[in-house]
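Structure first, commentary second.
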Amino acid sequence: MLDRLGRTTVGVLQLLRDLDEREIHFLSLTEGFDTRTPAGRTLMQMVAVFAELERSTIRGRVMAGLDAAKRNGRMLGRRPALTAAQRDHARELLAASRSQAEVVRILGVGRSTIQRLEDQTAEDDFGSKLVASKGTVSPGALSGEDNRGV
């Protein structure tokens, strides 16, 4: 129960201090201590320390598991809505002047998926134009200005 009072020991201690300043005492029915007594306050602090230790241990194990999964080549997170072939097909449809609504209906995906695809395509086009210009970028290229003649 105490692990729900705060995320860290410092947070729980701050809460206890705030309660004490307002003359509010904490009585834990499940852990069996009362913050009106020095022993109760001490026990509360010890329980808060162990709760934080438990959270830290769990977080460390989760992070280690995620790192191991990445090292083993596991894909983490949500699966892509479209396969590579479907993304190419969507780009072809959009390039052929089909509306987003039509592409959404044809591929059976959400509108935001197609919007993201269009945004990525626009970014890829912009990047390829920069690379095509001999690998250099003019000072105003990123802001839309062209200062090559200056």
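The values are calculated or read from the model by the stated rules, or taken from the named source; none is laboratory data. The model shown is predicted, which means the values in this text are computed figures rather than measured ones. Neighbour counts run over all protein chains shown; Cβ positions are idealised from the backbone, glycine included.
Of the residues PRO80, PRO38, the single one that is at pLDDT below 90 and either under 24 Å from the mean Cα position of the chain (by Cα) or at positive phi (or both) is PRO80.
With respect to being modelled with pLDDT of 90 or more, in the same structural domain as GLY11 (by TED's automatic domain parsing) and out of contact with any helix residue (DSSP H, G or I) (no Cβ under 9 Å at 6 or more places or on another chain), ALA64 fits the description.
Can ARG41 be described as in the same structural domain as ILE58 (by TED's automatic domain parsing), charged (D, E, K, R) and surrounded by 14 or more Cβ atoms within 10 Å (Cβ to Cβ)? Criteria met by ARG41.
Filter the range 19-35 down to the residues that are part of a loop (DSSP other than H, G, I, E, B), loosely packed, with under 11 Cβ neighbours inside 10 Å and under 38 Å from the mean Cα position of the chain (by Cα) and list them by number. Of everything in the range 19-35, those that are part of a loop (DSSP other than H, G, I, E, B), loosely packed, with under 11 Cβ neighbours inside 10 Å and under 38 Å from the mean Cα position of the chain (by Cα) turn out to be ARG22, ILE24, LEU29, THR30.
The condition of being touching a helix residue (DSSP H, G or I) at 6+ places or on another chain (Cβ under 8 Å) and loosely packed, with under 13 Cβ neighbours inside 10 Å holds for only one of LEU16, LEU76, that being LEU76. The C-beta contact set for the range 114-129 (first residue at pLDDT 85 or above, second residue polar (S, T, N, Q), distance under 7 angstrom, 6+ apart or interchain) comprises ILE114/GLN100; GLN115/GLN100.
Among residues of the range 19-45 that are closer than 17 Å to GLY6 by Cβ, those with a Cβ under 6 angstrom from a residue that is of a type in the set (Phe, Trp, Tyr) and assigned to a loop (DSSP other than H, G, I, E, B), sequence gap 6+ or separate chain, pair up as THR35/PHE26.
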